[in-house]
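Input: a single structure, listed below in structure tokens.
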Number of protein chains: 4
Amino acid sequence: MIKVGIIGSTGYAGAELVRILTGHKEAEIVWYGSRSYVDKQYADVYRNMFQIVDAACMDDNMDELARQVDVIFTATPQGLCASLVNEDILSKTKIIDLSADFRIKDVSVYEKWYGIEHKSPEFINEAVYGLCEINRDKVKGARLVANPGCYTTCSILTAYPLAKEGIIDMSTLIVDAKSGTSGAGRGAKLPNLFCEVNENMKPYGVATHRHTPEIEEQLGYASGEKVVINFTPHLVPMNRGILATEYASLKKDVTYEDVKAIYDKYYADEKFVRVLKENELPETKWVEGSNYVDINFKIDPRTNRIIMMGAIDNLVKGAAGQAVQNMNLMFGMDEAEGLNLVPMFP
Amino acid sequence: MIKVGIIGSTGYAGAELVRILTGHKEAEIVWYGSRSYVDKQYADVYRNMFQIVDAACMDDNMDELARQVDVIFTATPQGLCASLVNEDILSKTKIIDLSADFRIKDVSVYEKWYGIEHKSPEFINEAVYGLCEINRDKVKGARLVANPGCYTTCSILTAYPLAKEGIIDMSTLIVDAKSGTSGAGRGAKLPNLFCEVNENMKPYGVATHRHTPEIEEQLGYASGEKVVINFTPHLVPMNRGILATEYASLKKDVTYEDVKAIYDKYYADEKFVRVLKENELPETKWVEGSNYVDINFKIDPRTNRIIMMGAIDNLVKGAAGQAVQNMNLMFGMDEAEGLNLVPMFP
Amino acid sequence: MIKVGIIGSTGYAGAELVRILTGHKEAEIVWYGSRSYVDKQYADVYRNMFQIVDAACMDDNMDELARQVDVIFTATPQGLCASLVNEDILSKTKIIDLSADFRIKDVSVYEKWYGIEHKSPEFINEAVYGLCEINRDKVKGARLVANPGCYTTCSILTAYPLAKEGIIDMSTLIVDAKSGTSGAGRGAKLPNLFCEVNENMKPYGVATHRHTPEIEEQLGYASGEKVVINFTPHLVPMNRGILATEYASLKKDVTYEDVKAIYDKYYADEKFVRVLKENELPETKWVEGSNYVDINFKIDPRTNRIIMMGAIDNLVKGAAGQAVQNMNLMFGMDEAEGLNLVPMFP
Amino acid sequence: MIKVGIIGSTGYAGAELVRILTGHKEAEIVWYGSRSYVDKQYADVYRNMFQIVDAACMDDNMDELARQVDVIFTATPQGLCASLVNEDILSKTKIIDLSADFRIKDVSVYEKWYGIEHKSPEFINEAVYGLCEINRDKVKGARLVANPGCYTTCSILTAYPLAKEGIIDMSTLIVDAKSGTSGAGRGAKLPNLFCEVNENMKPYGVATHRHTPEIEEQLGYASGEKVVINFTPHLVPMNRGILATEYASLKKDVTYEDVKAIYDKYYADEKFVRVLKENELPETKWVEGSNYVDINFKIDPRTNRIIMMGAIDNLVKGAAGQAVQNMNLMFGMDEAEGLNLVPMFP
């Protein structure tokens, strides 16, 4: 039984970690960190956990935490993990950081897009980008894993095989993504109020969203070339779910079967990636509450483009689920332990 | 490993049975019945089940089914189970009927409220009303269990201890209930369209809803007197969840502590009933996806009434979850097997 | 053309006043008060008003305002209007207060339920309770109108004719009300976040909600006796709409036709009250965006109770629409001017 | 007072025509056509119209209708208007067809994308494409107007000035569009059920949606070249609203001011087109219930692309509102008569 500490356990991603780990057979949460709710019962903050979790919230003391636990999840705003981590801590425990602090290898890119100084750039190289399906082996040996962003997980996995195999022109790649509102977090802000979000739909962060360089970097590794894309996120009135619709010009003349074979090459053995049947398109509801990514594509011969589509639950495969998947890999456990979550419908 | 057959597996309650049983360690679905989708892959009807369920839908042949399975769930419209069941079938298999056919002991009451003739009244007496927390021992020995309705489960469990202990005047009981839309089923009907339900709220079946006599009968047993109530259901724009707000005059002068002690007497050891802390009121979201009933109450000294409130997920504790709980009891398994479902939030 | 000033024009009720008055032929807004957004363009706060309203927000200076306008609407939190109003102001302008400050005649009741000291009790007697259908003549001559609450407007109008005619036992009256979320205002609070409200349903303020004494007072006048009720509000995941379901025992043996005749006696000539056809029940969607109250009832001979149901748009008939209706009466204009709003569906 | 007949008045677009025309000073509906509800009171089908519309539904007899009315709106499925129209009818009355029958000039393109034979191709040339802002003069003299589609109205108006001025490379144009569910109509179909749409998001008609050739044709006229695009619609859980996010490569080096000047050149005097302030992005809620199109754009120097965004209410500017705008033009009335609809928020 490994011991788990969560810093930021009362945000939505943190709460999803709690939900998932509650059903994990080989892990036990011993530290429910939450700066806002120190000493308050966790189940008073998240009442779904009444009679399930019997523990009070703790502060952010990562040094103390490192002494007590085998792995720390940081589900906190950008900058916090980088400001707390040090060699002493990493010598005692593993860290899975759900923030962006260690996702981007070029610190100047990080600082430019995030607008903050990186407080521990010395660990960036060591950190492994925790997209399990792509970096599985590296994750296994990591002390510090940078858990991918929600949009990025969906966007990268949807395009990865085609980028890797070089059949799409990366300079034409456009990612139009739509997200439910839990991705905006639990902060009490006007734009997140029910009446502002409900019956509304909007783009935001156009040409400036922070997940852009993360997608570019990873698809750059895949394709072997520098990638610059348009990424446009949208807010949609629902709790959970991300849908990425991606457009790229084809470099070769390919059939449905050709492309399907490429997806199968990378994903046929992946438990959490479901390449759908021909003409069935991803819908977020079919993956809700689960760690699945549903993917499909359509070739448009009129424009010589391919439209790739992917759907995830932003809090599971896009955050907590993938973090647990990383933990399972890091500790040599069954990769799917705790993640056999059947999507809930309706 | 017991073998399970489901008649009506492609309705919402049936699909929830599939979701839950997929995670059950000692049961295996071998028959996915669905008159509408015979021979179609189940995962083509419910795409959340893609790569999880690999089976085609079957017809309603209960005789054949009885030869193959240990227990049959009928998640079908009123009248079907009663028209199919017979002694031969019951001698071979157990039946858990999610319809209303065997819930009401007085066949004339059933026929009046449901407007159909009962096709097998000879089994009504034998059938056990499967409200596990109240009829646990009877369920254990049953061949035929009448799984309670969604509104009724919530309404009865919320008032039961006070009815049983005689502290409320049953002639004053009013149940005002609100439900999400999955309770209306998956039929393609105009009133269930998104644009008709969304941003809308309405009462329906006022003074005539079929769950009324079921609540009356069960609370009659509890209180030892004939009970006649007002029950008013409402449709609310959400997928899952029932909230029952119940009003009754107090027969005695009681304190919060008195009433809390009564609830605890009946529910303190019940895993799936959570009597909340003082001043915390039930909300449907905190039980979503789980088998919990959340209950609390408020005494109003100004009117000498008590307001009792209960919340469930209508598809779980209000249908499939309770049906599995009944199955677990009938087969001597851990009552909570397959039902350790943590509520999903948000 | 009368000149209008709004204090609190950037809350939801204030914004609805702006929407409605924009289409009013004889009134013109000259003061968009908003403490939070002073000097900011109104259309930057409510972008629906882009190219419609060209004015900046002003502060709460009621003295200055009184010199400039014919009528002031105060769409502000409890206590503000009472703290600002004085004889000098009322000698220059009329006030329609959308807060609760002048709704309740007994100042001790107000202070007990609202938990604040009343700053200008000397105007309570003068203030007219602006439920137009009931107090029309008094409103016409008023300087100070207390605009009714949203729940109360719906609850009172639904029961009023039966209370007035003495056919229901007022001691048995129970009001179970459900509201959309705009009633909670535009404050950035955790419980109002999209992810907390969406797919959720909850009671709140059980036995303690502030609209209770307001309903009791008005129905007390109608029935000629002291009225004490249970009033239970619920929050429902939609923007607009209140549905009140009310229960009372019948004092006489009445038929559908008897009761219909009573409703018609009071409402047949009322433009904004629609008593529905037999068996058609109120739904909030059918009144959305309009000033209508839709009402119907059902007699239950089994329990000798009548169930009365009413639906309004909380921001229109429950706030801004009724305020404009009051203004029209106070200035001798067509009562429906600016209020010919056709409900929007879907 | 002109006399109006509506064929298909009980679909969502037809009902929106009724809502809008109810407030029109110079038009009066005398024929509420509805094949499904002949002889039924219109206000029994759309109860928002109770006590507002007092008329029964009529059949589809266009010959009779032509004798009685000045203008016929056909808000019907594809093919119906083309099958009914003839020279005799057009000699007596004007027709505004909300279906696609007369939108596309090349009949073979129509027949290929819609999969039906065109029954009156002889009127295609005469028909005017009723996008008022672009074809205003032609609409004024038309007998037969093809009212544009919902997606197309939004997609075309958003890109039109840049296509017309030749600053974008039309071969790179991609339109990613998102729609509320009322666009799917009022048919009782499984995919439109509340529980299937709510908390879900999906693409559909990828590379095959019928609005594609309509956008291509109109933007082809604007740019003076053959246009072939990718158009991807998505379904979003809300009643009303379309958001189009459009991507194209810039042919010239342009600044924000350059592009803003182009938009202003075409739209500064257009009442119903609002080009937003810099950095304010369109949101569907800000136009809900109104005839506005809100538009803005963002230049991305990293990719040399421009992202154009537009938002409309699909039932108003995307259907009924634009149809009334066309009617106003055809009859020489104020173009905005009946359309001074202030967007409703929240």
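The values are calculated or read from the model by the stated rules, or taken from the named source; none is laboratory data. Bear in mind the structure is a predicted one, so any value in this text is a computation, not a measurement. Reconstructed Cβ throughout: ideal geometry from the backbone, glycine too, with neighbour counts over all protein chains shown.
Tabulated data
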quantity: Within region C:217-242, considering residues that are in contact with a Lys or Arg (Cβ under 8 Å, 6 or more places away or on another chain) and closer than 22 Å to C:Asp169 by Cα, the one farthest from the other protein chains (Cβ to nearest Cβ); calculated: C:Ala222
quantity: Residue within region B:22-39 that is under 20 Å from B:Ala320 (Cα atoms), within 14 Å of chain A (Cβ to nearest Cβ) and of a type in the set (Ser, Thr, Tyr) present; calculated: yes
quantity: Enumeration of residues in region A:154-205 that are hydrophobic (A, V, I, L, M, F, W, C), in contact (Cβ under 8 Å) with a residue 60 or more places away in the chain and in contact with a Phe, Trp or Tyr (Cβ under 6 Å, 6 or more places away or on another chain); calculated: A:Ile174, A:Val175, A:Ala177
quantity: Number of positions in region A:330-346 that are farther than 25 Å from B:Gly289 by Cα and buried (at least 17 other Cβ atoms within 10 Å of the Cβ); calculated: 2
quantity: Checklist (1) crowded, with 24+ Cβ neighbours inside 10 Å; (2) out of contact with any strand residue (DSSP E or B) (no Cβ under 8 Å at 6 or more places or on another chain); (3) within 28 Å of C:Ile229 (Cβ to Cβ) applied to B:Asp294, failing item; calculated: (2)
quantity: Unmet requirement for C:Thr208, which otherwise passes all of (1) more than 24 Å from C:Lys285 (Cβ to Cβ); (2) outside the structural domain of C:Val273 (by TED's automatic domain parsing); calculated: (2)
quantity: Close pairs from region A:6-29: first among the acidic types (Asp, Glu), partner in a helix (DSSP H, G or I), Cβ under 7 Å, at least 6 apart; calculated: A:Glu16/A:Val316; A:Glu16/A:Ala319; A:Glu16/A:Ala320
quantity: Region B:55-71 residues that are assigned by TED's automatic domain parsing to the domain that holds B:Glu26, paired with ones that are modelled with pLDDT under 95 and assigned to a helix (DSSP H, G or I) (beta carbon under 6 Å, 6 or more apart); calculated: B:Asp60/B:Arg35
quantity: Residues (surrounded by fewer than 18 Cβ atoms within 10 Å (Cβ to Cβ) and without any contact (Cβ under 8 Å) to a residue 60 or more places away in the chain) located in region D:260-288; calculated: D:Lys260, D:Ala261, D:Asp264, D:Ala268, D:Asp269, D:Lys277, D:Glu278, D:Asn279, D:Glu280
quantity: Of the criteria (1) of a type in the set (D, E, K, R); (2) free of Cβ contacts under 8 Å to residues at least 24 places away in the same chain; (3) in contact with a Cys (Cβ under 8 Å, 6 or more places away or on another chain), which one B:Glu87 fails; calculated: (3)
quantity: Test: residue in region C:297-308 that is among the polar types (S, T, N, Q) and crowded, with 24+ Cβ neighbours inside 10 Å; calculated: no
quantity: Strands (runs of 3 or more DSSP E) contained entirely in region C:251-338, each with at least 2 residues that are touching a Cys at 6+ places or on another chain (Cβ under 6 Å) and more than 9 Å from every other protein chain (Cβ to nearest Cβ); calculated: C:305-312
quantity: Single residue of region C:1-55 satisfying the filter (among the polar types (S, T, N, Q) and surrounded by 21 or more Cβ atoms within 10 Å (Cβ to Cβ)) that is nearest to A:Asn200 (Cα to Cα); calculated: C:Asn48
quantity: Matching residues in region C:188-213 - criterion: being in a helix (DSSP H, G or I) and within 18 Å of C:Tyr247 (Cα to Cα); calculated: C:His211, C:Thr212, C:Pro213
quantity: Residue in region C:196-208 that is under 29 Å from C:Ala163 (Cα atoms), more than 9 Å from chain B (Cβ to nearest Cβ) and surrounded by fewer than 24 Cβ atoms within 10 Å (Cβ to Cβ) present; calculated: yes
quantity: Residue list for region B:35-51, filter: among the small types (Gly, Ala, Ser) and without any contact (Cβ under 8 Å) to a residue 24 or more places away in the chain; calculated: B:Ala43
quantity: Selection count, region A:2-28, where residues are among the polar types (S, T, N, Q) and either within 23 Å of A:Val342 (Cβ to Cβ) or out of contact with any strand residue (DSSP E or B) (no Cβ under 6 Å at 6 or more places or on another chain) (or both); calculated: 2
quantity: Lone qualifier among A:Glu288, A:Glu335, A:Glu270 - being farther than 20 Å from A:Arg19 by Cα and of a type outside the set (S, T, N, Q); calculated: A:Glu270
quantity: Selection within region C:300-338 - in contact (Cβ under 8 Å) with a residue 60 or more places away in the chain, in contact with a Ser or Thr (Cβ under 8 Å, 6 or more places away or on another chain) and of a type outside the set (Val, Ile, Thr); calculated: C:Arg305, C:Met308, C:Met309, C:Gly310, C:Ala311, C:Asp313, C:Asn314, C:Leu315, C:Lys317, C:Gly318, C:Gly321, C:Gln322
quantity: Test: B:Glu16 is at pLDDT 95 or above and farther than 20 Å from B:Ala146 by Cα; calculated: no
quantity: Checking C:Glu87 against (1) more than 26 Å from D:Val275 (Cα to Cα); (2) acidic (Asp, Glu); (3) within 14 Å of chain D (Cβ to nearest Cβ), the condition it does not meet; calculated: (3)
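Yes or no, residue by residue, for (1) in a helix (DSSP H, G or I); (2) of a type in the set (D, E, K, R); (3) in the same structural domain as D:Tyr12 (by TED's automatic domain parsing); (4) closer than 22 Å to A:Asn296 by Cα:
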residue: D:Tyr160; (1), (2), (3), (4): yes, no, no, no
residue: D:Gly166; (1), (2), (3), (4): no, no, no, no
residue: D:Ser171; (1), (2), (3), (4): yes, no, no, no
residue: D:Arg186; (1), (2), (3), (4): no, yes, no, no
